[in-house]
Amino acid sequence: MMFNLNRYRLCEVFGIPLYVDISFAVLLLFFALSSSSFVGGILLAVLLAASVVMHECGHSLAARAFGYETRDITISLLGGCASLTALPRKAYQEFLTAAAGPAVSFLIAFVAYAFAEFSGLNGFFRSQFYVLYVMNMMLGTFNLLPALPMDGGRIFKSFLRLFIPKLQATRIAMYVGRSLAVAIVVLPMIGIDHIGIFPLGGSLIRFFIAYMIWVESMREYKMACYENPFTRWRQQDFRARVSPPPYGDD
């Protein structure tokens, strides 16, 4: 999501190029070594990757319905990222595009649970469907946390846009997201280890998630500032008055 390591093209999904980042090998290794079965661990990592890809396809297809294409989808150690050519501009478009990802995750969870319960499968295969169910429930729930750049943060922002301008809504969503980033680090220190059904995990994972939210929420706010004509004019005017343009800038 944040790192730009070497990546390799796997295939196309719904006409969208799918890439795997080399860092995904770390995830495969982690699952393989932490599982009682090497093959079972690899299978878990593949199931997680497939779930993430379908989650991102939910975003991509919803955006496509509104005329916004997706350059590619990349899976990596940090999860998945669908690179849209542009963010949906209308509040309801942003809401539906953001909500589509968790909706797909919850749908996969429902289907996996139904297979595990009613298909007559036993043993290893039944347990894998339960794992797929849990993975997608956690994936959908975690992404609904109201923190930019996660889906819940964009849903929250789109709701605020019904009442206030986009820039102000983004600023509020940024502050809420950063508050949540602090909470993710602080809560386990006072004995709270879960948010909903999502475990906060080890300290390194917590700090990394908090850092991602802290940095990316500000980046989204800066993007909103750039898209705002008045804010962009003020920034350009300020730079023109306090410093010369870079060499070679037209």
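The values are calculated or read from the model by the stated rules, or taken from the named source; none is laboratory data. Keep in mind that what you see is a predicted model, and the values were worked out from it rather than measured. Here the Cβ is made from the backbone with ideal geometry for all residues, glycine too, and neighbour counts use every protein chain on show. The protein model used for the area step is the full one, side chains on, heavy atoms only, and it has no ligands, DNA or RNA in it. Shrake-Rupley method; radii C 1.70, N 1.55, O 1.52, S 1.80 Å.
What to note about this one:
- Residue (of ALA103, VAL39, TYR92) at the positive-pole extreme of the stretch 2-160, dipole from beta-carbon charges: TYR92
- Of the GluC sites (Glu not before Pro) found in the stretch 43-121, those in coil by DSSP whose Cβ has at most 16 other Cβ atoms within 10 Å are GLU69.
- Near the amide H of ASP72, within less than 5 Å, lie the amide hydrogens of SER83, all on another chain or at least 5 residues away, with H placed in the peptide plane.
- Karplus-derived 3J(HN,Hα) values for the stretch 145-153, using 6.51 cos²θ - 1.76 cosθ + 1.60 with θ = phi - 60°, are 4, x, 9, 5, x, 6, 4, x, x Hz; glycine and proline are entered as x.
- For VAL13, distant residues with modelled amide H under 5 Å away: LEU18
- Calculated FRET efficiency for the pair ALA50/PHE124, C-beta based, R₀ 25 Å, to 0.05: 0.90
- FRET efficiency, 1/(1 + (r/R0)^6) with R0 22 Å, evaluated for VAL111 and LEU10 via beta carbons: 0.40
- Globularity ratio of the stretch 31-113, using Cα Rg and 2.2 N^0.38 Å: 1.27
- Peptides 144-152, 106-114, 58-66 ordered by average Cβ neighbours within 10 Å, highest first: 144-152, 58-66, 106-114
- For the stretch 2-59, the share of accessible area belonging to carbon and sulfur comes to 70 percent (1.4 Å probe, ligands and nucleic acids excluded).
- Between GLY79 and any residue 5 or more places off or on another chain, the built amide H atoms are never under 5 Å apart.
- Modelled FRET efficiency - R0 41 Å, ILE42 with LYS222, Cβ distances, 0.05 increments: 0.55
- Stretchable slack from ARG89 to SER34, in nm (0.36 nm times residue separation minus alpha-carbon distance): 15.5 nm
- Tensor-based shape of the stretch 85-196 (alpha-carbon gyration tensor, a/c under 1.5 rounded, otherwise prolate or oblate): oblate
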